[in-house]
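A.B. asks: What follows is a structure written as structure tokens; I'll ask about it next.
The values are calculated or read from the model by the stated rules, or taken from the named source; none is laboratory data. From a predicted model like this one, the values you see are computed outputs, not experimental measurements. A quick note on method: Cβ atoms are made from the backbone with ideal geometry, for glycine too, and the neighbour counts reach across all protein chains shown. Remember, those area values only see protein heavy atoms, side chains included, never the ligands or the DNA or RNA. Shrake-Rupley method; radii C 1.70, N 1.55, O 1.52, S 1.80 Å.
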Amino acid sequence: MGRRPVTVRLARWSAEHPWRAIALWVVFVAVCFVGGNAAGMTEATDDDMAIGEAGRAQLIVDGGNFDEPAVENVLITPRAGALDQTAAKTAADDAAARLRQLTGVASVGAPVPSRDGGALLVPITMSGDPKTASDRVQPLRDATAKVQEAHPGLRIEQVGGPSINKALDDTLGRDFKRAELLSLPVTLAILIIAFGALIAAGVPVLLALSSVAAAMGLSTLASHLVPATDTTASVILLIGMAVGIDYSLFYVRREREERAKGRSGLDAVEIAAETSGHAVVVSGFAVIISMAGLLLANDAVFSSLAVGSILVVAVAVTGSLTVLPALLAKLGRWVDRPRVPLLWRLTAPPTGRHGERATPRFWPAVLKPALRAPLATLVVSVGLLLALAAPALGMKLKFPGMEDLPRTTPAMQAYDRLTAAFPSTGTSHTVAVRASADQADRVRAALTDLAGRAADPLFAPAEGDGPKIKVSADRRVSVLEVATPYASRTDEAARSLHELRDDLAPAALRGVPGIEYAIGGGVADSEDYAAHIRDKLPVVMGFVLALTFLVMAWTFRSVVVALTAIVLNLLSAGAAYGLLVLVFQGDWAEGVLGFTSMGAIVSWLPLFLFVVLFGLSMDYHVFVVSRIREGVREGMSNRDAVAYGISSSAGVVTSAAIVMVGVFAIFASLSTIDMKQLGIGLAAAILLDATIIRAVVLPSLMTLLGEANWWAPRFLRARAATPPAEPPAPAPELVDAR
């Protein structure tokens, strides 16, 4: 017998020395986690995250070192009818007097009436670090609430960046806490149903959580090379739980099957390592390749997510090859204890040499069309997926704006009233200019001229004494805010940006020599980032598809298997894109899912969704095709091998998919539109992939191709495969389905 694969040798050593393997894993996780926390995290800066012209504008503004304190406002409006000016002035004076007494308030400005006289605004400048203002804003809100109690005939509200941030932090904090509390019980419940035994259900969760802990520490260390963002930890948790549970499910299921056939504990672990362990390594490489594609986006956020995801997948693969065999060897048959009586009878692995226990009737019924009429089944199923993917051709990309935040909080309701009464306090474009100090006066004159040119209905008139132009202390940087009365993601707001960039700004600023200018702001961020994603998505997709093809062709020694893997995963991703457009670009699902349509998909989602779905889908594909290849190597006909591979893997693939769908669906219950789109997109794509793709399209395609499935050039066929220890037996019901 030739030298055994490294996966088998690692598993064998771990199974023979379980306490050493477990101790080494615990030490590894502890060192990674503690070492990472001790090293501290390096966070991405504005320089790292600058994208397009909007990014350049932000860098110019940052170069001015402006003192930009946090600003709040007390908004006074009537509860009904016209505003009583005398009562409003009295309330404004009361609010100013109370707020000036607070230590967190630097100054209170004079009341500003709206143009129509229907509102009065009291501006408040907070002291201290503006980054922590939301943590210190509550005393101001309490003072405003007392003013409201003293003047019940008016509506008196506090609104501003710190108030909105605090309200959103509270809302999203409750959302994520609920999601975290639900995700673990949901995962455990699904795994208990899948295994019918409590310990077997707990092992995958244990591996996944320990992998996440180690990867968190490693990502903190890696942030000194690739700066991290505040979303990295969430993605590590999301990806780590998904792949950690998947890999454990594949391994534990196979080990239980082999023990049920009468294998010894060590032999069962070794066979599981040679089959499922090999599939875990290949699928891990596929996920890592997908995530590495994010590095080509030239985006600090995606680079951070790529590093975190690669680390957690690598750790999960390592754990499944080392500590998992050790745990299974040490637990032995205790892994199937304590049993849940009814569930155990339904989920216990087949017994006997060839697993004679009846295969569930559901899968033979699902597979019959693919085995009996593969061409018709393939045409119908692919046609349905293409029809579902078709709406993706009309996908629009935008950032969510203030109008897309949940309106359940008083702060957001007050914001709507503020922007209605004072349009210039809403959406605005930032014109940032950098020039030599001796040009400061000419720059100011040009910006004043620009503000005068922005006089059509696409722009909102300046409140108060005219355009407010900020000039840095060194007179090198000047900034003008040009407001638009339209919400940030509307077509009118986009047109106002393009008019400003293409016509108004060049006309006003071209006469000042040696200047550098850029136009940014919320609308510009959305437009520039959408353009960035459209430019980078083909590059990332090409990289992922090319490397995945090479890995699959080398692993399965088949060009056809590699091509079908690419095509099927593209079908799955396309269907997910189409479903997202159907659900979120229209308004028919608003009442069902509890959102307000923004008429677009969140800009970062298509790229992130593609790499995550492509990586996770490869888990299932590698596992299923590996079982099919086992049958082919042992002399089964292609049709019988397809039947065997699908039926023997259906349970574990379905269980893994249900876990992920359950967890991702929890994200769809969160308040923000981006989390809803992410949750629905991931859940729907995984569900489609594990059902229609793996149970209908894949078997019909492989049945139709026959022996051509395994065609490869001569150099790929050079290595002889080592067969499994025992030939698998096809499920009788599926063979009869022919």
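A.B. asks: Looking only at the stretch 595-650, how many residues end up being under 16 Å from Val567 (Cα atoms), in contact with a Ser or Thr (Cβ under 7 Å, 6 or more places away or on another chain) and not aliphatic (A, V, I, L, M)?
C.D. replies: Summing the residues that are under 16 Å from Val567 (Cα atoms), in contact with a Ser or Thr (Cβ under 7 Å, 6 or more places away or on another chain) and not aliphatic (A, V, I, L, M) in the stretch 595-650 gives 4.
A.B. asks: Enumerate the pairs (first residue in the stretch 53-73 and under 13 Å from Lys470 (Cβ atoms); second residue anywhere and assigned to a loop (DSSP other than H, G, I, E, B) and open to solvent by less than 10 Å² (accessible area, probe 1.4 Å)) with beta-carbon separation below 9 Å, excluding pairs fewer than 6 apart on the same chain, so at least 6 apart or on different chains.
C.D. replies: Gly63/Ser472; Gly64/Ser472; Asn65/Ser472; Phe66/Ser472
A.B. asks: Restricting to the stretch 85-102, give me the number of residues that are farther than 16 Å from Glu149 by Cβ, among the basic types (Lys, Arg) and buried (at least 18 other Cβ atoms within 10 Å of the Cβ).
C.D. replies: Residues that pass the stated criteria total 0.
A.B. asks: Please go through the stretch 13-38 and pick out each residue that is surrounded by fewer than 13 Cβ atoms within 10 Å (Cβ to Cβ) and among the aromatic types (Phe, Trp, Tyr).
C.D. replies: Selection gives Trp19 alone.
A.B. asks: Tell me which of these Thr596 doesn't satisfy, since it passes every other one: (1) open to solvent by 30 Å² or more (accessible area, probe 1.4 Å); (2) in a helix (DSSP H, G or I); (3) in contact with a helix residue (DSSP H, G or I) (Cβ under 7 Å, 6 or more places away or on another chain).
C.D. replies: Failed condition: (2).
A.B. asks: Just to check your reading of the model, which residue among Leu450, Leu504 is touching a strand residue (DSSP E or B) at 6+ places or on another chain (Cβ under 7 Å), open to solvent by less than 40 Å² (accessible area, probe 1.4 Å) and touching a residue at least 24 places away in the same chain (Cβ under 8 Å)?
C.D. replies: Leu450
A.B. asks: What is the residue count in the stretch 648-661 for residues that are open to solvent by less than 20 Å² (accessible area, probe 1.4 Å) and in contact (Cβ under 8 Å) with a residue 60 or more places away in the chain?
C.D. replies: The qualifying residues number 6.
A.B. asks: Considering each residue of the stretch 103-149, count those that are hydrophobic (A, V, I, L, M, F, W, C) and open to solvent by 70 Å² or more (accessible area, probe 1.4 Å), and give that number.
C.D. replies: Start the filter on the stretch 103-149 by keeping residues that are hydrophobic (A, V, I, L, M, F, W, C), which leaves 105-106, 108, 110, 112, 119-122, 124, 126, 133, 137, 140, 143, 145, 147.
Retained after the next criterion (residues that are open to solvent by 70 Å² or more (accessible area, probe 1.4 Å)): 110.
Counting residues in the stretch 103-149 that are hydrophobic (A, V, I, L, M, F, W, C) and open to solvent by 70 Å² or more (accessible area, probe 1.4 Å) gives 1.
Matching residues to (1) at pLDDT 85 or above; (2) hydroxyl-bearing (Ser, Thr, Tyr):
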site: Thr672; (1), (2): no, yes
site: Leu705; (1), (2): yes, no
site: Ala708; (1), (2): yes, no
site: Arg714; (1), (2): no, no
site: Arg719; (1), (2): no, no
site: Ala725; (1), (2): no, no
site: Ala737; (1), (2): no, no
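A.B. asks: Run Tyr517 past the list (1) open to solvent by 60 Å² or more (accessible area, probe 1.4 Å); (2) closer than 17 Å to Ala451 by Cα; (3) part of a helix (DSSP H, G or I) and report the number of the one that doesn't hold.
C.D. replies: (3)
Residues checked against (1) buried (at least 21 other Cβ atoms within 10 Å of the Cβ); (2) not in a helix (DSSP H, G or I):
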residue	(1), (2)
Ala389	no, no
Leu393	no, no
Ala411	yes, no
Thr419	no, no
Ala432	yes, yes
Ala445	no, no
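A.B. asks: Continuing with this model, one more query. So which of Leu221, Leu207 ends up being buried (at least 24 other Cβ atoms within 10 Å of the Cβ) and part of a helix (DSSP H, G or I)?
C.D. replies: Selected residue: Leu207, the only one of Leu221, Leu207 that is buried (at least 24 other Cβ atoms within 10 Å of the Cβ) and part of a helix (DSSP H, G or I).
A.B. asks: Residues in the stretch 173-190: is at least one in contact (Cβ under 8 Å) with a residue 12 or more places away in the chain, open to solvent by less than 30 Å² (accessible area, probe 1.4 Å) and not in a helix (DSSP H, G or I)?
C.D. replies: No, the stretch 173-190 contains no residue that is in contact (Cβ under 8 Å) with a residue 12 or more places away in the chain, open to solvent by less than 30 Å² (accessible area, probe 1.4 Å) and not in a helix (DSSP H, G or I).
A.B. asks: Within the stretch 533-542, is even one residue closer than 30 Å to Thr703 by Cβ, modelled with pLDDT of 90 or more and in a helix (DSSP H, G or I)?
C.D. replies: Checked the stretch 533-542: at least one residue is closer than 30 Å to Thr703 by Cβ, modelled with pLDDT of 90 or more and in a helix (DSSP H, G or I).
A.B. asks: Just checking, how many residues over the stretch 146-169 are in contact (Cβ under 8 Å) with a residue 12 or more places away in the chain and assigned to a helix (DSSP H, G or I)?
C.D. replies: 12
A.B. asks: Still on this structure, please answer the following. With the checklist (1) of a type in the set (Val, Ile, Thr); (2) modelled with pLDDT of 85 or more; (3) within 30 Å of the chain's Cα centre (by Cα) in hand, flag the one item Val663 doesn't pass.
C.D. replies: For Val663, the exception is condition (2).
A.B. asks: To continue, here is another question. Gly262 passes all but one of (1) part of a loop (DSSP other than H, G, I, E, B); (2) open to solvent by less than 10 Å² (accessible area, probe 1.4 Å); which number fails?
C.D. replies: Unmet for Gly262, out of (1) part of a loop (DSSP other than H, G, I, E, B); (2) open to solvent by less than 10 Å² (accessible area, probe 1.4 Å): (2).
A.B. asks: Then there's this: Taking into account only those residues within the stretch 458-486 that are at pLDDT below 85 and under 21 Å from Ala119 (Cβ atoms), which is most open to solvent (accessible area, probe 1.4 Å)?
C.D. replies: From the stretch 458-486, those at pLDDT below 85 are 460-468; that's our starting set.
Now restrict to residues that are under 21 Å from Ala119 (Cβ atoms): 460-466, 468.
Details: Ala460: 13, Pro461: 76, Ala462: 44, Glu463: 27, Gly464: 65, Asp465: 166, Gly466: 19, Lys468: 144 Å².
Among those that are at pLDDT below 85 and under 21 Å from Ala119 (Cβ atoms), it is Asp465.
A.B. asks: Further, regarding this structure: Is there a residue being closer than 30 Å to Ser669 by Cα, open to solvent by 10 Å² or more (accessible area, probe 1.4 Å) and β-branched (Val, Ile, Thr) anywhere in the stretch 538-555?
C.D. replies: No, the stretch 538-555 contains no residue that is closer than 30 Å to Ser669 by Cα, open to solvent by 10 Å² or more (accessible area, probe 1.4 Å) and β-branched (Val, Ile, Thr).
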